[in-house]
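This report refers to the structure that appears directly beneath it.
Please treat every number below as a calculation from the coordinates, not as lab data. Small disclaimer: the values here were computed from a predicted structure and weren't measured. Glycine also receives a Cβ, built like all others from the backbone with ideal geometry; neighbour counts cover every protein chain displayed.
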Amino acid sequence: MHPETLAIHSSYYHDQNAGAVAPPIYLSTTFERNADGTFPHELIYARMNNPNREAIEKSIAALEGGQVGMAFSSGQAAAMSILQTLRPGDHVVVAQDTYHGTPALLEEVFHPWGLTYTRTDLTNLEALRLSIHENTRLVWVETPSNPLLRITDIRAVAAIAHEAGAYCICDNTWATPILQKPIELGCDVVMHSTTKYFGGHSDVISGALVFKEDNELAQRARRIQSLGGAVPSPFDCWLILRGIKTLATRVRAQSSSAQKIAEALANHPAIEAVHYPGLPSHPGHEIAKSQMTDFGAMLSIQVRGGAEAALQLTGRLKLFTRATSLGGVESLIEHRASVEGPNTATPLNLLRLSIGLEHPDDLIDDLQQAL
Ligand SMILES: *Cc1c(COP(=O)(O)O)cnc(C)c1O
């Protein structure tokens, strides 16, 4: 089935009660038991499961091509939960260029708790091999990367992780399963901040994990989800389910606009570099073509004249909102180094753009007048 169809049909909730086409929201924290102690719908208590949550877990797993899906209260809660499946003494290899919260979690929360980790440029497979130790349990990929849009060869990294007996996880937030399916490329787990494209309207914080198989790792994560309780509310689940229905169409339209914008800016004299994997000059273009069906709706630009010129540019834009985050219907622009703080490795003249659903020509005109 094509992803457009799967998005609608995997998210369709068959309401047994009233036949409602749009799903009801189940706010109940608890569910009635039969006199013999069994549960008629296998629902017990809403930290463990809830019909709205089950619906998105099923749908996200179907879209990613995995056996098991789990929804969390944020992308970071999903990341925490997979790291909590590990034990003190275990080692994680994480990509050099990732969402800044991932290494921050490893450093500030899990390092004191006994995990060790190595940050490695995963576009360099030799560097990856050298970073893997006997106790490496997890290799963490994010591609396209944040904020430099570097492309990692998922098939190659997953194969190296497996040779070493480690699991491979991919943060697929930016690509979404519409453009890239890490499980088909060899990963064991996919992570999402569903706050971004799945929600799609900048109005819900949530996250998800999808497991290729219902294996020991998935079962441990399921226990962490229900014991730890970092779960989304029924209304959050309802909003995500609504977002899923238009996910494929939004992501394709937004990616097509990003391609046009990247091409329009590529040779602009006020711009030092455009980072977008859809440009043939991008170092990861060929690998991106081999593992993605399109190149995504995120791009970064480096502006001539340093941080100040970059910040001033954002002040002249009329259609781009200056805000963090991504994946909504409105275009956003952000000076990443300001968000990431003084220890950032991000170039100071870099601006990250999340392309929304406005007409691409209007966005190009706006960027051109501001440049
Ligand atoms: C936003 C984001 C996260 C964190 O997700 P939250 O929902 O904000 O907790 C993780 N990875 C990537 C790539 C992101 O863009």
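Between 0 and 90 degrees, the angle of helix 216-228 with respect to the longest Cα principal axis of the chain falls at about 80 degrees. Compute the acute angle (0 to 90°) between the alpha-carbon long axis of helix 154-163 and the principal axis of greatest extent of the alpha-carbon atoms of the chain; round to the nearest 10°. That helix lies at roughly 60 degrees to the long axis. The alpha carbon centroids of region 90-125 and region 227-243 are separated by 27 Å. Normalising the average separation of contacting C-alpha pairs (under 8 angstrom, six or more residues apart) by the number of residues puts the relative contact order of the chain at 17 percent. As a rough footprinting exposure proxy, the listed residues M1, M292, M80 were ranked by other beta carbons within 10 Å of their own, and the order from fewest upward is M1, M80, M292. Structure note, pairs K245/K318; K58/K260; K212/K260; K289/K318; K58/K318; K58/K196: Cα-Cα distances above 28 angstrom occur for K245/K318; K58/K260; K212/K260; K289/K318; K58/K318. By DSSP, the beta bridges lying fully in region 248-370 are antiparallel in about 85 percent of cases. Cα centroid separation, region 136-160 to region 256-293: 19 Å.
For the listed peptides 149-158, 345-354, 330-339, a ranking on the average number of other beta carbons within 10 Å per residue, highest first, reads 149-158, 345-354, 330-339.
Packing, as the average of other Cβ atoms within 10 Å across residues, places the peptides 262-272, 161-171 in the order 161-171, 262-272, highest first. Taking every DSSP bridge with both residues inside region 3-245, close to 40 percent are antiparallel.
Spatially, region 313-371 and region 1-26 are offset by 35 Å when compared through their Cα centroids. For the chain, the longest principal axis of the Cα atoms and the long axis of helix 306-316 meet at an angle of about 70 degrees. From largest to smallest, the equivalent ellipsoid semi-axes obtained for region 213-315 from the alpha-carbon gyration tensor read 37, 19, 16 Å.
Rounded to the nearest 20, the size of the Cβ-charge dipole of region 1-130 about its Cα centre is 180 debye, with Lys and Arg at +1 and Asp and Glu at -1. In vacuum, with every alpha carbon of the chain counted as one equal point scatterer, what does the Debye formula give for log10 I(q)/I(0) at q = 0.06, 0.07, 0.11, 0.13 Å⁻¹? Two decimals, please. The computed values of log10 I(q)/I(0) come out as -0.23, -0.31, -0.76, -1.04.
Taking Cα centre as origin and charging only the Cβ of basic (Lys, Arg, +1) and acidic (Asp, Glu, -1) residues, the dipole magnitude of region 248-370 rounds to 140 debye. Magnitude of the Cβ-charge dipole of the chain, K/R +1 and D/E -1, about the Cα centre, nearest 20 debye? Dipole size: approximately 240 debye. A Cα-only calculation for region 248-370 places Rg and Dmax at 13.7, 38 Å.
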